[in-house]
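First up is the structure itself, then whatever we jot down about it.
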Amino acid sequence: MAAESPGDSALDRFLRLFADVRAGEGLRALLLGLNVFLILSAYYVLKPVREALILAQPGGAEIKSYAMALQALLLVGIVPLYGALARRMNRKRLINVVTLFFIACPLAFFIALGAGLQVGVVFFLWIGIFSLMVIAQFWAFCNDLYTVEAGKRLFAVIAFGASSGAVCGAFISHALIHAVGVRHLMLVGSAVLALSLLLFNAIERLSRGATPVAAVPAATQVIGPRNPFAVVFGSRYLLGIGLLVLVLNWVNVVRAAAQDQVAAGTLDPARMGEFIGAFYADYFRVVNLLGMGLQLFLVSRLIKWLGVPLALCVLPVIAFGSYTVAVVYPVLAALRWVKTAENSVDYSLQNTTGHMLYLPTTQEEKYKAKQVIDTFFVRVGDVLSSATVFIGATWWTLSISNFALINLGLAGVWLALAVWVGRGFHARTRQPS
């Protein structure tokens with residue numbers, strides 16, 4: 001970590017315990033971390049509302065299984081609409097307009113529920129799109145503020161806000177849902193998101209005179225004229241990132257199905273729901289805590305030691321090892337710990353490194369390509385995962401070892417894509433971005 005400088009503040013010195021924070025950088029990094037903390041808190045406050053409303057619908061459980069595919073189809077139209085706004089607006093106005101829209105939506109749902117309307121399906125689709133678009137927009141803003149060098153040092157600190165915000169939002173919803181009810185949680189989520197928008201505007205004002213930042217005109221000019229999908233498919237580097245994200249999400253859902261099948265083969269079916277619920281409650285608590293610890297103390301150091309290209313390959317290598325264990329020893333007790341390690345790295349190192357991939361891109365690529373990749377490609381990966389699970393479980397009756405073999409193949413593709421994208425990142429960072 002960096003040595004002390006004459007311009008160091010107490011905050012700079014404190015944050016230097018976790019990352020290479022230099023003089024004058026601490027305040028903005030902390031505010032950005034608080035910003036994404038509020039965004040994730042808002043999402044996790046609203047998430048239980050989604051579950052309550054969709055499961056109250058007739059056939060709600062079945063609707064959930066098709067919702068990811070419908071979200072992907074909706075994004076084909078929504079993302080170009082975002083691109084149309086970006087053609088007419090600078091980054092400050094774009095982020096304000098889009099976030100205000102998402103702040104207003106829970107208020108509209110609140111009124112509709114009060115009028116007795118059934119909004120479960122629409123709310124489910126909305127929150128799936130909201131959770132991807134607003135977070136992608138936040139990280140596009142971070143990429144726009146920082147140079148490649150500064151982003152590689154500071155993104156780990158900022159990303160800790162996302163990890164802790166998810167935990168805090170879940171705690172808030174658990175504490176309030178019985179006190180205020182499902183419907184009023186919508187107002188809480190909207191209020192938290194409104195706080196994040198106020199903070200964004202304060203950061204934008206602060207950033208006009210801060211260093212290191214991208215050129216000042218980038219804050220005032222319109223984002224760019226191209227269609228967001230054309231931006232991605234017109235660049236081998238960006239398309240590689242999209243395919244990388246797609247495969248990562250394809251693997252994730254198959255993994256969950258595989259774990260459930262292991263449990264199903266080792267327990268009394270009468271106690272299956274109870275056991276799986278307890279397993280996942282404990283599992284995700286450990287994963288989240290371990291992921292937060294990795295994010296705070298190790299991620300910045302690992303990226304500094306390994307570099308972004310090698311850091312990008314860590315998770316697919318771990319995943320390959322996990323699925324090898326699943327093939328030769330398909331027992332839940334053994335899988336639990338390798339999966340804990342895998343998901344903890346996913347939520348910390350992989351997540352932070354993935355955001356860094358946009359540092360050596362143009363402003364148009366940052367805002368438009370990230371929207372396409374972090375929304376459409378994510379949902380397509382989810383759809384492929386669900387299709388793989390459905391076909392494997394119902395048509396072919398695959399065992400846990402069979403699912404693990406599929407995952408081994410996907411992990412190999414994932415690793416190859418990580419190497420390809422890592423080389424592209426290295427090539428771009430050797431040139432002016």
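Some observations on this one:
- Residue among Phe109, Phe123, Phe101 that is under 22 Å from Ala166 (Cα atoms), crowded, with 16+ Cβ neighbours inside 10 Å and in the same structural domain as Ala170 (by TED's automatic domain parsing): Phe123
- The helices (runs of 4 or more DSSP H) found entirely in region 348-433 that carry 1 or more residues being farther than 30 Å from Met89 by Cβ and either out of contact with any helix residue (DSSP H, G or I) (no Cβ under 7 Å at 6 or more places or on another chain) or in the same structural domain as Ile241 (by TED's automatic domain parsing) (or both) are 378-390, 400-429.
- Options Leu290, Leu298, Leu294, Leu315; residue that is among the aliphatic types (A, V, I, L, M), over 18 Å from the mean Cα position of the chain (by Cα) and at pLDDT 60 or above: Leu298
- Check on Ile177, of a type in the set (Val, Ile, Thr), at pLDDT 95 or above and assigned to a helix (DSSP H, G or I): no
- Candidates Gln118, Gln71, filtered to the one that is at negative phi, in the same structural domain as Gly169 (by TED's automatic domain parsing) and not in a helix (DSSP H, G or I): Gln118
- Check on Asn143, surrounded by fewer than 17 Cβ atoms within 10 Å (Cβ to Cβ) and among the polar types (S, T, N, Q): no
- Test result for Pro217, assigned to a loop (DSSP other than H, G, I, E, B), more than 25 Å from His426 (Cβ to Cβ) and at pLDDT below 95: no
- Pair list, Cβ < 9 Å and 6+ apart or interchain, from region 233-244 residues that are in the same structural domain as Ala418 (by TED's automatic domain parsing) and outside any loop (DSSP other than H, G, I, E, B) to residues that are among the polar types (S, T, N, Q) and surrounded by 19 or more Cβ atoms within 10 Å (Cβ to Cβ): Tyr237/Thr361; Leu238/Thr361
- Condition check for Ala140: closer than 30 Å to Leu206 by Cβ and either of a type outside the set (Lys, Arg) or free of Cβ contacts under 8 Å to residues at least 12 places away in the same chain (or both): yes
- Condition check for Thr362: in contact (Cβ under 8 Å) with a residue 40 or more places away in the chain, buried (at least 24 other Cβ atoms within 10 Å of the Cβ) and more than 26 Å from Ala67 (Cα to Cα): no
- From Arg430, Arg423, residue being at pLDDT 95 or above and among the basic types (Lys, Arg): Arg423
The values are calculated or read from the model by the stated rules, or taken from the named source; none is laboratory data. Worth saying up front: this structure is predicted, and the values here are computed from it rather than measured. Virtual Cβ from ideal backbone geometry, glycine too; neighbours counted across all protein chains shown.
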